[in-house]
Amino acid sequence: MFKFLMIAAIIVSLGVSYEVICQDSSQRTQELAAALDKTKYKKKEKKKENVNISIEMYVDVKNQPIVKSNPAEYSGSYRGEDANYQLDIQVAPNGSATGSGRDLVDFDNGMARSFTLHDGQVHGALLTATKVYDNGQTEKFEAIFTNRTVSTGKNAETIENRDTTFGLGFIQSHGNDWTNRVFLERR
């Protein structure tokens, strides 16, 4: 009877632990998606030869995390618009992940460095890992698998183009010097 109660307690605690991990990863996924979203609106007006000229520009970027039933479906090559950003990742059905890639680490000099992913894990749409750079430096890494929708036009009411792309999004920061939203499209 004691063994049965002990086994039941272990199973219940494992279930609670799993539920807490899922809730934490879901919350972190939503936080990252919100941090990757961006809206920009600019309007310039000029008067030239008694004619008013108005130029408007609107860009809205929204990210919708994508949870796949089999984490292995996230495996593949992801590339940024800038050739300095890339990631090749292999994800096992249990969510463990490995990979390698390149990051831009110095905007002023355009310097990129190679890295490998260690201790990678996918929970829902959230990828967590440690980046290990060629020089041995390590950095915590969190990213989300997302459908990124970019809407452009004159303003929020006049959208001229809307494009949705699947990929991997993350926030890259270098201390207090700079922060960058990065999106890598799956190729």
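Here are the numbers for this structure:
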{"quantity": "Meets criteria (among the acidic types (Asp, Glu), over 18 Å from THR128 (Cα atoms) and either touching a residue at least 24 places away in the same chain (Cβ under 8 Å) or surrounded by 11 or more Cβ atoms within 10 Å (Cβ to Cβ) (or both)) for ASP60", "calculated": "yes"}
{"quantity": "Positions within region 108-161 being at pLDDT 95 or above, more than 20 Å from HIS174 (Cα to Cα) and among the charged types (D, E, K, R), in sequence order", "calculated": "ASP119, ARG148"}
{"quantity": "Residue count for region 147-187, restricted to those that are over 15 Å from LEU104 (Cα atoms), in contact (Cβ under 8 Å) with a residue 12 or more places away in the chain and in a strand (DSSP E or B)", "calculated": "20"}
{"quantity": "Extreme residue, farthest from the chain's Cα centre (by Cα), among residues of region 113-127 that are in a strand (DSSP E or B) and in contact (Cβ under 8 Å) with a residue 60 or more places away in the chain", "calculated": "HIS123"}
{"quantity": "Region 96-112, residues that are in a strand (DSSP E or B) and over 19 Å from GLU73 (Cα atoms)", "calculated": "ARG102, ASP103, LEU104, VAL105, ASP106, MET111, ALA112"}
{"quantity": "Condition met for LYS48 (farther than 20 Å from SER25 by Cα, among the basic types (Lys, Arg) and either loosely packed, with under 15 Cβ neighbours inside 10 Å or out of contact with any helix residue (DSSP H, G or I) (no Cβ under 7 Å at 6 or more places or on another chain) (or both))", "calculated": "yes"}
{"quantity": "Some residue of region 98-119 being of a type in the set (A, V, I, L, M) and more than 28 Å from ASP177 (Cα to Cα)", "calculated": "no"}
{"quantity": "The lone exception for THR138 - which of (1) surrounded by 13 or more Cβ atoms within 10 Å (Cβ to Cβ); (2) more than 22 Å from THR164 (Cα to Cα); (3) under 20 Å from the mean Cα position of the chain (by Cα) it fails", "calculated": "(1)"}
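The values are calculated or read from the model by the stated rules, or taken from the named source; none is laboratory data. It should be emphasised that the depicted structure is a prediction, and the values quoted were computed from it without experimental measurement. Ideal geometry is used to build each Cβ from the backbone, glycine not excepted, and the neighbour counts take in all protein chains shown.
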